[in-house]
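See below for the structure under consideration.
The values are calculated or read from the model by the stated rules, or taken from the named source; none is laboratory data. All values derive from a computational prediction rather than experimental measurement. Cβ placement follows ideal geometry from the backbone for every residue including glycine, while neighbour counts extend to all protein chains displayed.
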Amino acid sequence: MINRDLITRNINSRNTSNTYLPHPAVITEVITENSQIKTFVLEFTDKTLNTNFSYESGQFVMLSVPHHGEAPISISSTPTRPGNIHLSVRIAGRLTTALHKMEPGMTLGIRGPYGRPFPVHIMEGRDLLFVAGGIGLAPLRSVINYCLDRTGRYGTMTILYGSRLPSDIAFRQDLDIWSTLPGITCLTTVDTPEPGWTGHVGVVTTLWDHIQISPSDCTALVCGPPMMIKFVLRDLAGMSFSPDFVITTMERHMKCGVGLCGHCYMGGKLVCTDGPVFSMAELKDMDIEELR
Ligand SMILES: Cc1cc2nc3c(=O)[nH]c(=O)nc-3n(C[C@H](O)[C@H](O)[C@H](O)COP(=O)(O)OP(=O)(O)OC[C@H]3O[C@@H](n4cnc5c(N)ncnc54)[C@H](O)[C@@H]3O)c2cc1C
Ligand code: FES
């Protein structure tokens, strides 16, 4: 049952005059990450927005594709590198299939940014563990590059990335760069190897044996399919990570993106305004079905 107070709270706190107005943005580059994922580099038609569009890692936008409606998409670029924004999108259905057919020079609509970002302030001074599966690396790419650009504020960084097949590995350019940087451990694994693959094989949790982390000094950020999140959170709890320092993102169907329609209701919260970033401590209280 949706808590109507949540929606009333958002109606009362919001000036709704421009809430649904998308800003036109032109595709300047399309990066093919794998057969299912492309990264769209976008510049706003209103040039002032390219520097003034203020967002934080972990936030999402409502992306409108002409004739196909809107979808919530995480921003995969970092606010520390302004000038354009990156949206990394996996083909799921009608809108995302249409988007994948679009080319540089074409125009999309963007409204936002929305949602609660990653809590980069509580991560300062701590080691960081990033665990991602598939397209889940999109929001983490933003915060990983944010932390890299804030030199000296964070401890060691460990990045674990799981894909189904070697040919599914996305964000190869980023993974290659991160792998060469000092102070970073970046490991990739695949569920099923293909000919020529010499790397790790197994789900992402099989990488625990290959890394060294001190749970009491570390903040973990986890993004990926619900099944992966469930098992990673379970293992992190088993390693005695504090639930306040395990951070993940949740996805629900969205319509408004701004806390007004109730579509994204989840365990007493609205994912679009209370999330999509949640701590493990918060999720425990919300008793989410797919994480049980
Ligand atoms: C906060 C947030 C951030 C997101 N960030 C990204 C991102 O960075 N990159 C990306 O590729 N996708 C992201 N998504 C998912 C993306 O919004 C959906 O894949 C997209 O809306 C599908 O639209 P479609 O018309 O192509 O598919 P549809 O035809 O609408 O759906 C295809 C399939 O995907 C499922 N689906 C659609 N939307 C959602 C959703 N919101 N949550 C769970 N399942 C869904 C449907 O149930 C259906 O099975 C995000 C979702 C949320 C809520
Ligand atoms: S309340 Fe409308 S999408 Fe969250």
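As for the stretch 124-131, it holds no residue that is of a type in the set (Lys, Arg), farther than 25 Å from residue 161 by Cα and touching a strand residue (DSSP E or B) at 6+ places or on another chain (Cβ under 8 Å). Filtered by the rule that a residue be in a loop (DSSP other than H, G, I, E, B), over 16 Å from the mean Cα position of the chain (by Cα) and either within 13 Å of ligand 1 (Cβ to nearest atom) or among the acidic types (Asp, Glu) (or both), the stretch 46-90 gives 46, 67, 68. When the stretch 143-167 is filtered for residues that are touching a Gly at 6+ places or on another chain (Cβ under 7 Å) and either in a helix (DSSP H, G or I) or in the same structural domain as residue 80 (by TED's automatic domain parsing) (or both), only 143 remains. Return yes or no: is residue 219 of a type in the set (S, T, N, Q), at pLDDT 95 or above, away from ligand 2 (no atom under 16 Å from the Cβ) and out of contact with any His (no Cβ under 7 Å at 6 or more places or on another chain)? Yes; evaluated as a whole, the condition is true for this residue.
Scan the stretch 80-96 for residues that are in contact (Cβ under 8 Å) with a residue 60 or more places away in the chain and surrounded by fewer than 21 Cβ atoms within 10 Å (Cβ to Cβ) and jot them down. Selection gives 80, 81. Scanning the stretch 252-277 for residues that are more than 7 Å from ligand 2 (Cβ to nearest atom) and without any contact (Cβ under 8 Å) to a residue 40 or more places away in the chain yields a count of 4. For residue 111, are the conditions met, namely being in a helix (DSSP H, G or I), touching a residue at least 40 places away in the same chain (Cβ under 8 Å) and under 13 Å from residue 59 (Cα atoms)? Considered against the rule, which asks whether it is in a helix (DSSP H, G or I), touching a residue at least 40 places away in the same chain (Cβ under 8 Å) and under 13 Å from residue 59 (Cα atoms), residue 111 comes out as no. Taking residues in the stretch 149-173 that are touching a residue at least 12 places away in the same chain (Cβ under 8 Å) and surrounded by 21 or more Cβ atoms within 10 Å (Cβ to Cβ), and partners anywhere that are among the basic types (Lys, Arg) and in a strand (DSSP E or B), the pairs with Cβ atoms closer than 9 Å and at least 6 places apart or on different chains are 170/90. Out of all the residues in the stretch 236-249, is one or more in contact with a Ser or Thr (Cβ under 9 Å, 6 or more places away or on another chain), without any contact (Cβ under 8 Å) to a residue 24 or more places away in the chain and more than 16 Å from ligand 2 (Cβ to nearest atom)? Within the stretch 236-249, not a single residue is in contact with a Ser or Thr (Cβ under 9 Å, 6 or more places away or on another chain), without any contact (Cβ under 8 Å) to a residue 24 or more places away in the chain and more than 16 Å from ligand 2 (Cβ to nearest atom).
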